[in-house]
Amino acid sequence: MKRIGVLTSGGDAPGMNAAIRAVVRTAIFYNLEVMGIRRGYAGLIEGDFIELNSNSVSDIMQRGGTFLLSARCEEFATKEGRKKAAEQLRKRNIDGLVVIGGDGSLTGAEYLYQEQGIAYIGIPGTIDNDLAGTDITIGFDTAMNTIVDAINKIRDTATSHERNFIIETMGRISGFLTVMAGLAGGADALLIPEQTVSIDEICDKLAKRQKEGRLHSIVLVAEGYGGNFRTNRDINESPAYGIARRIAELTGQETRVIILGHLQRGGSPTVMDRILASKLGAKAVKLLMEGQASKMVGLVGNKLEACSIKDVLKKKKEIDLELYELHRILSI
Ligand code: ADP
């Protein structure tokens, strides 16, 4: 292995820059050349490559987003598109690829490997933490902190005006962000895709809290609650609005909505995300050098592990229901 490529694809996540930095510097340390591919698979098909050296990744670790840019690319989901992508790599003598992204991006990389024999190692980059094969994904910790910060701020105004807030969090079909941030932020109720809690139950809780003299309640709702999640869905389809209307009707309490949306995808990565990204980036390069392919590197019980992509994509990562239960106990 003499030359590798690195790209970021799909939804961006804070810490992707730290991962790119780790890939580039580890590769250079071991005398490999590195090409950056801009705009994910779209740039790969179009040949949007840049040579990367140690300097190219200076000053990026603290920045959210991805300096290589990211994209969603329909053409790559076709066999012809992937053939073009492989030709671009072969033309530049790139022997292996590091793909940083979510399940969609890793699925695409696997097709490229199966059809075109392009060796790759995946790095889990998504704020949703919805990938098996790793306890935690890059961006998840930063996004949780962003949500908790938002809860703190909303709590101030909620108290002053004695109103409830329904805060909608990201996470697609998974309640990871909602449960962890809800626990850390002291939310009063959680609505997640994995559990069926009726709005009536939530209303009973809010009414009880009001009776006890609490000035407000904060309900966190995952964007995928009630099977609501669809890719590229319109913001109007957010579950939070309907829930807020229903709560206001049933309790008579003033209830406002805030959709945190893409705010959760930005910001300077936390220490946890920077360290995770640095470890995974370095490990991905070492695995490529060992001749491994079609794997995702992850952190399992504080150890770096390489998991076969087939296993990663086959399994659904379940949220920790004990944490959900703990939240229920602590939010009485
Ligand atoms: P994420 O990686 O964050 O899950 P997406 O699901 O949007 O993001 O996937 C990113 C890109 O990966 C897509 O735009 C497409 O180019 C590629 N991709 C996703 N799913 C597939 C698939 N089933 N086959 C081939 N390529 C795919």
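The values are calculated or read from the model by the stated rules, or taken from the named source; none is laboratory data. Not measured: the values here are computed from a predicted model. Cβ sites come from the backbone with ideal geometry, for glycine too, and all protein chains shown count toward neighbours.
Against the condition surrounded by fewer than 18 Cβ atoms within 10 Å (Cβ to Cβ), more than 18 Å from Leu131 (Cβ to Cβ) and not β-branched (Val, Ile, Thr), how does Leu304 come out, does it pass?
no
Within the stretch 61-83, which residues are farther than 14 Å from Val99 by Cα, of a type in the set (Lys, Arg) and within 8 Å of the ligand (Cβ to nearest atom)?
Within the stretch 61-83, just Arg82 meets the criteria.
So is Arg92 over 19 Å from Ser294 (Cα atoms), at pLDDT 95 or above and in the same structural domain as Lys295 (by TED's automatic domain parsing) or not?
Yes: the conditions hold for Arg92.
Can you tell me which residues in the stretch 18-57 are within 16 Å of the ligand (Cβ to nearest atom) and on the phi < 0 side of the Ramachandran plot?
Ala19, Ile20, Ile37, Arg38, Tyr41, Ala42, Gly43, Leu44, Ile45, Glu46, Asp48
Please state which one of Leu304, Leu263, Leu220 is of a type in the set (A, V, I, L, M) and assigned to a helix (DSSP H, G or I).
The conditions single out Leu263.
Give the stretch 108-123 a look and list any residue that's out of contact with any Leu (no Cβ under 6 Å at 6 or more places or on another chain) and either part of a helix (DSSP H, G or I) or buried (at least 24 other Cβ atoms within 10 Å of the Cβ) (or both), or say none.
Within the stretch 108-123, Gly108, Ala109, Glu110, Tyr111, Leu112, Tyr113, Gln114, Glu115, Gln116 qualify.
Restricting attention to the stretch 105-118, which residues are over 21 Å from Ile50 (Cα atoms) and either modelled with pLDDT under 95 or over 24 Å from the mean Cα position of the chain (by Cα) (or both)?
Gln114, Glu115, Gln116, Gly117
Looking at (1) at pLDDT 95 or above; (2) touching a Phe, Trp or Tyr at 6+ places or on another chain (Cβ under 8 Å), which is the one condition that is false for Arg172?
Of everything listed in (1) at pLDDT 95 or above; (2) touching a Phe, Trp or Tyr at 6+ places or on another chain (Cβ under 8 Å), Arg172 misses just condition (1).
Among the residues of the stretch 85-122, what is the count of those that are of a type in the set (Val, Ile, Thr) and within 11 Å of the ligand (Cβ to nearest atom)? It would help to see each step written out before you state the result.
Going residue by residue through the stretch 85-122, those that are of a type in the set (Val, Ile, Thr) are 94, 98-100, 107, 118, 121.
Applying the additional criterion that residues be within 11 Å of the ligand (Cβ to nearest atom) yields 99-100, 107.
Count: 3.
Would you kindly identify the strands (runs of 3 or more DSSP E) lying entirely within the stretch 23-104 that contain at least 3 residues that are over 21 Å from the mean Cα position of the chain (by Cα)?
33-37, 49-52
Residue check: is Gly267 on the phi > 0 side of the Ramachandran plot and buried (at least 16 other Cβ atoms within 10 Å of the Cβ)? Working first, answer last.
Numbers: on the phi > 0 side of the Ramachandran plot: yes; buried (at least 16 other Cβ atoms within 10 Å of the Cβ): yes.
For Gly267, the condition - on the phi > 0 side of the Ramachandran plot and buried (at least 16 other Cβ atoms within 10 Å of the Cβ) - is met.
Given the structure, is Leu7 part of a strand (DSSP E or B) and either modelled with pLDDT of 95 or more or surrounded by fewer than 24 Cβ atoms within 10 Å (Cβ to Cβ) (or both)?
yes
Please work out which one of (1) among the hydroxyl-bearing types (Ser, Thr, Tyr); (2) assigned to a loop (DSSP other than H, G, I, E, B); (3) over 22 Å from the mean Cα position of the chain (by Cα) is the condition Ser174 fails and give its number.
(3)
How many residues, within the stretch 206-219, are among the basic types (Lys, Arg) and crowded, with 17+ Cβ neighbours inside 10 Å?
1
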